[in-house]
1. Can you tell me which residue in the stretch 267-291 is most open to solvent (accessible area, probe 1.4 Å), limited to those that are modelled with pLDDT under 95 and in a strand (DSSP E or B)?
2. If the requirement is being part of a helix (DSSP H, G or I) and either exposed (fewer than 12 other Cβ atoms within 10 Å of the Cβ) or of a type in the set (Gly, Ala, Ser) (or both), which of these qualifies: SER73, SER11, SER47?
3. I'd like the full set of residues that are touching a Cys at 6+ places or on another chain (Cβ under 8 Å) and surrounded by 20 or more Cβ atoms within 10 Å (Cβ to Cβ), limited to the stretch 212-240.
4. Would you check which residues across the stretch 313-331 are surrounded by 14 or more Cβ atoms within 10 Å (Cβ to Cβ) and in a strand (DSSP E or B) and list them?
5. Can you tell me how many residues within the stretch 293-312 are out of contact with any helix residue (DSSP H, G or I) (no Cβ under 9 Å at 6 or more places or on another chain) and either open to solvent by 30 Å² or more (accessible area, probe 1.4 Å) or part of a helix (DSSP H, G or I) (or both)?
6. Any chance you could count how many residues in the stretch 137-161 are in a strand (DSSP E or B) and buried (at least 18 other Cβ atoms within 10 Å of the Cβ)?
7. Pairs under 7 Å by beta carbon, first residue assigned to a strand (DSSP E or B) in the stretch 96-107, partner of a type in the set (D, E, K, R), six or more apart or different chains?
Amino acid sequence: MDQQQWQDFLSSEGAIWEGGRAHFPLTSNDNRQGLHLIDLGPVGAVSVIGPDSQKFLQGQLTCDLVNLPDGHSTLGAHCNPKGRMISAFNALKLSQSEFILRLPRDLAPIAQQALAKYAVFFKAELCDISDESHWLGLQGQGVAEQVAKLLGFEAPSPGQIVTFDFEGERCIAQLANVSQLALLCPASKTQKLWQILSPHSEATGYDQWQKGQIEAGIPQIDAATSEMFIPQMANLHLLGGVSFKKGCYTGQEVVARMQFRGAAKRRLYRAKCEGGDLPASGLEIFADGQQSIGNLVEACHSDEGIELLAVLTIAKVAAGEPLRLKDGRTLVIQDLPYDADADPLA
C-alpha cells in the first residue's frame, strides 16, 4: 500500500488531511480511560543491520547500546563534532546486529546520511525504511495489555520492545511510555492492523500522540532543528539518552565538557500558549518583547490551546520575565514530570 492508498483508506474512516496529518473528529478527545488509535505518519524509521551494528553505533551515539539488553529501547542522539544533535531518536535494540531508530520522517534521510559517513569501515548497513514500513500509535491506560491481548503478543514493560508475527510478517511493538505504544509494521499490513484495532479504540489525530510526548518532556528534533541543540539543552541527559561512562563518540568532548563544567545556560521547558496557528519548530522565543532567549522544539494543538516544548535561557525563565512568540502570544511555563535540575552523575 503506497501513501496515497493509505490516505484514501483513512479518509474513508473519517480522517481529514491537513499538512500530511490525519485528523479525526473526536467526542472524547481527552478520555484517557479509553484506547486511542493514531496514525503516526509523520514518524519514520532508520534500520541498522549487520554484524558490526552495535560496535558502529556505540562509537557514534550518545546512548550506551552495549549495556542495553536486547529487546529494549533507549533515547539517544547523533551529534556533529561540535556536540550539536543532528538527530535524536528512540533506538530499538532487536539484537547486537539489528537496530531501528524511531524519529520524525523528515529527519530520517538526514540521520541516515549523516551516520552513513562513518559506517564505511564497519559491516553495518543503514537504510531509511520510512516508506516500506509504517508506525501506528495506541494511547491510553493499560495500553500494552489491551493491544497485546488484541494482537496476541506478550505485553512489553516501559522501555521494552517485542516482535510478533502478523500474517507471516514481522511487526514490532515498543512501549514508549506507560500510556503510549508504537507499532511498526510493513506498509502492506497497516490497513489490516488498523481494521483489527479500530473497533476496540477511537481514532484520533497525531496531535494527541505529540501531547503525550510533550507532557512527558520528551524532545523531538526534526529537520528544522537539526544541529541546533546540544543534548543537555533538550534534557536528553535526564531521560537516559546520554551516557557519561561509555567512552568516545562523535561530539563527546563537547557534551562531556558542558556536563562536568556545568556550562549549560539553556534547557528544555514545557509551556502552553493560546490557540491559533501552530508555531513552527525552530521558531525564536522572546523576552521583554525584543530579546531572543531560545527556540521552539515542537508544538501541538490541544483543548487548552497549544502545548509545546522549547529550549530557553535558564536565567531569563528564572527571572520571571514574560515570554512570547514572535506573534505576541504569551507562554505559560508548565511543570515537567522529572526534575530538570537533577544531576545525572549523582
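1. GLN291
2. After ruling out the rest, the residue left standing is SER11.
3. ILE214, ILE230, PRO231
4. Hits for the stretch 313-331 are THR313, LEU323, ARG324, LEU325.
5. 2
6. 4
7. Listed pairs, sorted by first residue: PHE99/LYS93; PRO104/ASP222.
Results for (1) farther than 30 Å from ALA114 by Cβ; (2) free of Cβ contacts under 8 Å to residues at least 60 places away in the same chain; (3) basic (Lys, Arg), shown as yes or no for each residue.
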position	(1), (2), (3)
ARG266	no, yes, yes
GLY275	yes, yes, no
PHE286	yes, yes, no
CYS300	no, no, no
ASP303	yes, no, no
ILE306	yes, yes, no
LEU323	yes, yes, no
PRO337	yes, no, no
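The values are calculated or read from the model by the stated rules, or taken from the named source; none is laboratory data. Keep in mind that this is a model prediction, so the values were computed, not measured. Every residue, glycine as well, gets a Cβ built from its backbone with ideal geometry; the counts of neighbours run over all protein chains shown. Just the protein is used for accessible areas: all its heavy atoms, side chains included, with ligands, DNA and RNA removed. Shrake-Rupley method; radii C 1.70, N 1.55, O 1.52, S 1.80 Å.
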